[in-house]
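Just below is one structure, and these are the notes that go with it.
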Amino acid sequence: MAQLRRANNVADLRLMARRRLPRPIFDYIDGGADDEWSLRRNVTAFADYQIVPDVLNDVSSIRTETRIFGQPSRWPLMLSPTGLTRMFHGHAELAVARAAARHGLLYSLSTMGTTRLENLAQAYAGPKVFQIYIFKDRGLTAEFVARCREAGFHGLALTVDTPVAGNRERDRVSGLSLPPKLTLKSLFSFACHPFWSLPAMTGSKFDLANVSHKVDALASGPMSLFDYIGGQFDRSVGWRDVEWLAQEWNGPLAIKGVMTPEDARRSIASGATGVMISNHGGRQLDGAPAPIDQIQAVREAVGEAPDVICDGGIRRGSDVVKALALGATACSVGRPYLYGLAAGGEAGVERVLTLLHEEFERTLTLAGVNDIASLSHRHVRHVRHRPERGHASPAV
Ligand SMILES: Cc1cc2nc3c(=O)[nH]c(=O)nc-3n(C[C@H](O)[C@H](O)[C@H](O)COP(=O)(O)O)c2cc1C
């Protein structure tokens, strides 16, 4: 606990997570696809925006409440879906959801989660979204819709940026296998991190808890759960499938992985109530633009009503202020809370959410903004960084 209190920002928690986890597990969280250009750009793009403050505006109290997926949120942040959470800490998704609830924030559970959606819903009454895929077996997708309705989930986020798995080279280098196994390559790193490795190897097994019944039902012999789910990704998914899902669900639905104004407009026309501008945290298409750079065009395309959520690269509360000023309804974070979870379980998630919230409110106060509804384009200015003096190219 004392150590967590010494973390001053997301970057500190990332370092703590790196020390605590075996390298292959840390790299699975931290890494991105190919050259990791999009992963880096997601974060650094925020530095291209300045916050332009108002002064002498009464900021003695600040209104930050909003609604995301139709649900109340204490401030405009939500927790992105992340798979295999038990791999990072034994308390897994429940620890994250409980911390989110204490902060009045929306939690999203991944299809690839290690906690059954019914168990999460039973243990956690807060606002929750289920991240869904349109699988080859449409029956499996329809089954999820029915289970989410029954369990009381408030919204669905349909992930559309995974027609194939991204090329995560760190995982190849580290020899990570899913579920994690001791291999010759990873043995040393696992042995050096007994606080992680012992509970992980002796505790409950890594399970894709929401789909494991399918493999049991198939009595598929040597077919692993991971092979089964890998084989379910469908490259032929199109807009008609989105229309079908929107009708089946008939509730708040965001398309996660939208990047362009055209696709955002098409999402809403197909029955979605919002979009998550996302490149999967740089884990899929390397070279995809940063979400922050797409907000303005997407908002202009869809108008005022739909949720526009900026997902990826947020490492400071001030990043959320910038995204809102550009037109986002809210932001969504993945790695920041996973770093917190790996560093200290539920208390680590709590710490990261507290830090981001404090940064967010402090930034609004310093920017002279007392109501997030009044944030607008005039509070943000785009700047293009020139090379530092002394580093200019010889041709200039
Ligand atoms: C370890 C890890 C697992 C993830 N698993 C999923 C997943 O199962 N489904 C999904 O739609 N996105 C998944 N994502 C992407 C996140 O939902 C989110 O888009 C991304 O983390 C946002 O970028 P950030 O990490 O910079 O906040 C995952 C991301 C990470 C880091």
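Here are a few things to note about the model shown:
- Considering only residues in segment 20-40 that are more than 11 Å from the ligand (Cβ to nearest atom) and assigned to a helix (DSSP H, G or I), the one that is modelled with the highest pLDDT turns out to be Trp37.
- Arg102 falls short on exactly one of the conditions (1) within 12 Å of the ligand (Cβ to nearest atom); (2) among the basic types (Lys, Arg); (3) in contact with a Leu (Cβ under 9 Å, 6 or more places away or on another chain), and that condition is (1).
- Filter result for the condition that a residue is more than 28 Å from Val43 (Cβ to Cβ) and over 22 Å from the mean Cα position of the chain (by Cα), over Glu243, Glu262: Glu243
- Answer residue from segment 352-372, given it is surrounded by 24 or more Cβ atoms within 10 Å (Cβ to Cβ) and more than 14 Å from the ligand (Cβ to nearest atom) and is nearest to Ala100 (Cα to Cα) among those: Phe360
- Test: residue in segment 301-314 that is in a helix (DSSP H, G or I) and surrounded by fewer than 24 Cβ atoms within 10 Å (Cβ to Cβ): yes
- Some residue of segment 244-261 being among the hydroxyl-bearing types (Ser, Thr, Tyr), under 29 Å from Leu356 (Cβ atoms) and either away from the ligand (no atom under 13 Å from the Cβ) or touching a Phe, Trp or Tyr at 6+ places or on another chain (Cβ under 9 Å) (or both): yes
Residue by residue, here is whether (1) closer than 19 Å to Glu358 by Cα; (2) touching a residue at least 60 places away in the same chain (Cβ under 8 Å); (3) under 19 Å from the mean Cα position of the chain (by Cα) holds:
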site: Gly271; (1), (2), (3): no, no, no
site: Leu285; (1), (2), (3): no, yes, yes
site: Gly303; (1), (2), (3): no, no, no
site: Ser318; (1), (2), (3): yes, yes, yes
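- Count of residues meeting criterion [within 11 Å of the ligand (Cβ to nearest atom) and out of contact with any His (no Cβ under 6 Å at 6 or more places or on another chain)] in segment 142-164: 5
- Residue list for segment 107-141, filter: within 13 Å of the ligand (Cβ to nearest atom), out of contact with any helix residue (DSSP H, G or I) (no Cβ under 6 Å at 6 or more places or on another chain) and over 18 Å from Tyr339 (Cα atoms): Thr111, Met112, Val129, Gln131, Tyr133
- Subset tally (residues that are at pLDDT 95 or above and either more than 15 Å from the ligand (Cβ to nearest atom) or aromatic (Phe, Trp, Tyr) (or both)) for segment 70-94: 7
- If you filter segment 273-326 down to residues that are away from the ligand (no atom under 16 Å from the Cβ) and among the charged types (D, E, K, R), you find that the one that is nearest to Ala165 (Cα to Cα) is Arg299.
The values are calculated or read from the model by the stated rules, or taken from the named source; none is laboratory data. Because the structure is predicted, anything quoted here is derived from the model rather than measured. Heads up, the Cβs are rebuilt from the backbone with ideal geometry, glycines too, and the neighbour counts pull from every protein chain shown.
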